[in-house]
Amino acid sequence: MIEEGLPSRTTVHADPIEGAHKNGLAALPVCLESHMPLDLVIVMLGTNDLKTRFSVNASDIADSIEQVVRAVQTSEAGPEGQAPKVLVVTPPPIAEVDWFADMFRGGAEKAAQLAPLVAAMCERRQIPHLDAGAIVEASAVDGIHLDAEAHRILGLTLASLCEVAFAAIN
């Protein structure tokens with residue numbers, strides 16, 4: 001397992017404040033090629049797209065996640081030059097609290113709409129989807145990040161899903 005998390009990473013947006021390098025789609029080819037061959041790519045993006053500065057709705061975010069999925073599916077970063085499998089995880093809804101409240105103003109409402117839109121996209125693309133909001137919540141401390149227990153629960157759930165997926169392949 002290779003973790004490629006980056007604080008403030010978006011789906012497709014260069015962040016005018018935190019940096020152009022935060023664009024997940026632009027960074028994806030380097031990540032895929034530097035770690036290939038990859039059996040599975042887990043995509044969990046969308047929270048940072050909720051920032052007020054990007055002025056996008058939940059549908060736009062789901063479409064942006066689909067762009068990331070397409071990039072993985074058209075890559076040759078999997079075994080024998082094929083595309084890796086993809087699993088999309090919709091982040092849990094956020095709460096507008098603490099010092100993130102202004103940065104994410106209006107984001108909680110959009111976040112609550114995101115999972116069904118992403119699930120529909122995944123169904124269209126015939127890939128698995130996990131709604132993290134069904135099993136964990138964002139921390140009450142900042143309303144955005146997961147606390148240690150939520151990380152543990154999500155990690156165990158993802159490990160179990162990967163185990164099932166790889167058992168089916170072999």
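Taking the C-alpha atoms only, the angle from helix 24-35 to the longest principal axis of the chain is near 30 degrees. Rg and Dmax over the alpha-carbon atoms of the stretch 7-104 stand at 14.4, 48 Å.
Summing Cβ point charges (Lys, Arg +1; Asp, Glu -1) relative to the Cα centre of the stretch 20-169 gives a dipole of roughly 260 debye.
Over the chain, what relative contact order in percent results from Cα pairs under 8 Å that are six or more residues apart?
Details: 266 pairs, mean separation 33.1, N = 170.
Computed value for the chain: 19 percent relative contact order.
When only alpha carbons are used to place a centre, the stretch 31-77 and the stretch 103-138 end up 13 Å from one another.
Taking a straight line from the alpha carbon of LYS22, these lysines sit under 20 Å away, with near neighbours fewer than eight places off in the same chain left out: LYS51.
Per-residue Karplus couplings for the stretch 88-103, computed as 6.51 cos²θ - 1.76 cosθ + 1.60 with θ equal to phi - 60°, are listed in order as 9, 10, 7, x, x, x, 9, 10, 8, 9, 6, 6, 7, 3, 5, 5 Hz, Gly and Pro entered as x.
Find out how many positive minus negative residues lie around HIS13, taking Lys and Arg as positive, Asp and Glu as negative, among other residues whose Cβ is under 15 Å from that of HIS13. Please list the in-between numbers first.
Values: positive: ARG9, LYS22, LYS51, ARG53, LYS110; negative: ASP15, GLU18, ASP49, ASP60, ASP63, GLU66.
Computed value for this residue: -1.
Between ASN23 and residues 5 or more places away or on another chain, which pairs have amide H atoms under 5 Å apart, with H built 1.01 Å from N, and which residues are they? Under 5 Å from the amide H of ASN23: THR10, ASP15. Distance between the pseudo-spin-label points of GLU137 and GLU3 (7 Å out from Cα toward the beta carbon): 2.4 nm. For the chain, the longest principal axis of the alpha carbon atoms and the long axis of helix 148-169 meet at an angle near 20°. Taking a straight Cα-Cα cut-off under 16 Å and skipping sequence neighbours fewer than 8 places away in the same chain, the aspartates and glutamates within cross-link reach of LYS110 are ASP49, ASP60, ASP63, GLU96, ASP102, ASP131, GLU137. Principal-axis analysis of the Cα atoms of the chain puts helix 107-125 at an angle of about 20° to the longest axis. Under 5 Å between amide hydrogens, built in the peptide plane, is the criterion, and for VAL43 it picks out LEU87, VAL88, VAL89 among residues at least 5 positions away or on other chains.
A simple rule links phi to the HN-Hα coupling: the Karplus curve 6.51 cos²θ - 1.76 cosθ + 1.60 with θ = phi - 60°, which for the stretch 126-142 gives 6, 10, x, 9, 10, 8, 4, x, 7, 10, 9, 10, 5, 4, 5, 5, 10 Hz, with x for Gly and Pro.
Semi-axes of the equivalent ellipsoid of the chain are 26, 18, 15 Å, computed as sqrt(5λ) over the eigenvalues of the C-alpha gyration tensor in descending order.
Read-outs: derived from the displayed coordinates by stated rules, not from any lab. Treat the numbers as computed from the prediction; the structure is a model and nothing was measured. Backbone-built Cβ (ideal geometry, glycine too); neighbour counts: all protein chains shown.
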